[in-house]
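S.K.: Got a structure for you, questions after.
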Amino acid sequence: MNAFDLLGRISEHPHVRWNPLAGDWVLVSPHRTRRPWQGQIERVDDEVVPARDPACYLCPGSSRAGGITNPDYTSTFVFDNDFAALQPAPPLAFDVDDRHLLVARTEPGRCRVVCFSPRHDLTLSRMDVAALRAVVDVWIEEIETLGREPSVEYVQIFENRGAAMGASNPHPHCQIWATASIPNEPAREQGSLRAYRAAHHTCLLCDYLALEDRSRERVVCENDAFVALVPFWAVWPFETLVVAKRHLSGLDALATAERDGLADVLKRLTTRYDNLFETSFPYSMGFHQRPFDRAPHDEWHLHAHFYPPLLRSATVRKFLVGFEMLGTPQRDLTAEQAASRLRDAGEEHYRDRRPDAPRAARERDRAHR
Ligand code: H2U
Ligand code: ZN
């Protein structure tokens, strides 16, 4: 039996799947899903968030820590994190290695905060595509500026959305951390991408996209520039990978139409996420791309990971604990089932569809468009 037919038959049985990017395994236990997925999906009304919150330190005109006042911005707004985890010039520079057991060095870096919108109550899913495109442009400007700094080797853009993922504030924003070395996750991926290229003379993600394009089982949505899919090796229940269709090493290599394509796919995917449990869907997301060490890095293929914690409803989340902390991450729902549910979730936002959506929120949304 060929691999394609075999893969179609494994979905009923416990098995492990290989993650070729991270270089590790995930345990899939699909027989356990018959139980939860026949249950009713709970609907939880979103809390009504005001369009502007005087207590929010990200809103236009607000005061931040240290007494700085935000400008009256009308689109995006970027600033240096007042509580930065990294400093550009740490006071003590050191590099120690005691028998390869006690190893440490200073890590200079910069931390930035990007507000996506002056509106306190929006999310990527509720912003229009033109506003999302402005966010894409800011990301590119930031990586270009930070990537030029001699001490910067990697620029990590990430968004923690929702209290479930530890976001401190509902105001739509992300963070950018520029570091002097490559963080663990992109470093692992770089090793995998390089090894694959050396062995096959092709790109791991280009080859993977071709397989997914043929089967269509795990594709959620796409446009000319990007595909959003549930990776075969997904760990989080509704984890997705947003992959550039063209072999590009970073956001800064996106052509104009591809930048539009990124804004479009982000809007559509986050809308599907919100629709899944009719809630403002929490997640951590971020881009992986080449480091800024001035080497060409042809092995890199631009992509974003979305890691949402929700499993069964707006109130039931997945915990990576027990066997998953000490052994291997495990999932019940298969990647194929998750992709099918995200396809079914549709791209008309539930708040536009649902007559009982909070009235104030509806009116504000209308005023915004
Ligand atoms: P998170 O919600 O992802 O934590 O992002 C908010 C960031 O905003 C957080 O990193 C910063 C915090 O350090 N912040 C400021 O820079 N200035 C402030 O006045 C409050 C919060
Ligand atoms: Zn705000």
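S.K.: Please work out the average accessible area per residue across the chain, using the 1.4 Å probe convention, and give it in Å². All intermediate terms of the calculation are to be shown ahead of the outcome.
M.R.: Numbers: 17430 Å² over 369 residues.
That works out to 47 Å² for each residue.
S.K.: Right, another one. Quick one: ranking K318, K267 by accessible area, 1.4 Å probe, largest first, what do you get?
M.R.: Working: K318 20, K267 50 Å².
Sorted by accessible area, descending: K267, K318.
S.K.: Let me ask you something else. At 37 °C and 0.692 mPa s, grab the translational diffusion coefficient of segment 78-128 from Stokes-Einstein with a Kirkwood Rh over Cα pairs, rounded to a whole number in µm² per second. Write down the numbers at each step before the final one.
M.R.: On the way: Rh = 14.3 Å.
Estimated diffusion coefficient is 230 µm²/s.
S.K.: Can you give me the % of accessible surface on segment 47-101 that is carbon or sulfur? Probe 1.4 Å, all protein chains present, nothing else counted. Kindly include the intermediate steps, with their values, before the conclusion.
M.R.: Numbers: 2190 of 3860 Å².
The C+S portion of the solvent-accessible surface of segment 47-101 is 57 percent.
S.K.: What number, in nm² with one decimal, is the all-direction average of the projected area of the convex hull of the alpha-carbon atoms of segment 297-360? Each step should come with its number before you reach the end.
M.R.: Working: hull surface 33.0 nm².
That works out to 8.3 nm², a quarter of the Cα hull's surface.
S.K.: Here is a further query. What is the P(r) of the chain, as percent of Cα-Cα pairs per 10 Å bin from 0?
M.R.: 5, 22, 32, 26, 13, 2, 0
S.K.: With every protein chain in place, what's the accessible area of R64 (1.4 Å probe, Å², nearest 10)?
M.R.: The accessible area comes out at roughly 20 Å².
S.K.: Throw me the Rg/Rh for segment 186-268, computed over C-alpha atoms with Kirkwood Rh, two decimals. Provide the component values of the computation, followed by the final result.
M.R.: Values: Rg = 13.2 Å, Rh = 13.7 Å.
Reported Rg/Rh (Cα atoms, Kirkwood Rh): 0.96.
S.K.: Would you give the gap between the C-alpha center of segment 147-167 and the C-alpha center of segment 232-283, rounded to a whole Å?
M.R.: If you average the Cα positions of each part, the centres end up 16 Å apart.
S.K.: OK, next. Under DSSP H, which helices of the chain have Cα atoms covering 20 Å or more of the helix axis and a Kyte-Doolittle average no less than 0.5?
M.R.: Values: long enough: 129-148 (29 Å, 0.69); 184-200 (24 Å, -1.40); 256-277 (34 Å, -0.59).
What comes out of the filter, once short or polar helices are dropped, is 129-148.
S.K.: Note down the magnitude of the dipole of the chain about its Cα centre, charges +1 on Lys and Arg C-beta and -1 on Asp and Glu C-beta and zero elsewhere, to the nearest 20 debye.
M.R.: On the way: 45 positive and 52 negative charges, 180 e Å.
I would put it at about 860 debye.
S.K.: Check the cysteines of the chain one by one and keep only those with no other cysteine Cβ under 4.7 Å from their own.
M.R.: Cysteines lacking a close Cβ partner in the chain: C111, C115, C174, C221.
S.K.: Given the rule -39500 (n - 2.57) for each run of at least 4 DSSP H residues, summed and divided by the residues of the chain, what is its mean residue ellipticity at 222 nm, to the nearest 500 deg cm²/dmol? Intermediate values should be presented prior to the final figure.
M.R.: Numbers: 9 runs with 106 residues, N = 369.
That calculation yields -9000 deg cm²/dmol at 222 nm.
S.K.: How large is the dipole of segment 66-164 about the Cα centre if only Lys and Arg carry +1 and Asp and Glu carry -1, each at its Cβ, rounded to the nearest 20 debye?
M.R.: Working: 9 positive and 16 negative charges, 50 e Å.
It works out to roughly 240 debye.
The values are calculated or read from the model by the stated rules, or taken from the named source; none is laboratory data. Being a predicted model, the structure only gives us computed values, none of them experimental. Heads up, the Cβs are rebuilt from the backbone with ideal geometry, glycines too, and the neighbour counts pull from every protein chain shown. Note: areas computed on protein heavy atoms with side chains; ligands, DNA, RNA excluded. Shrake-Rupley method; radii C 1.70, N 1.55, O 1.52, S 1.80 Å.
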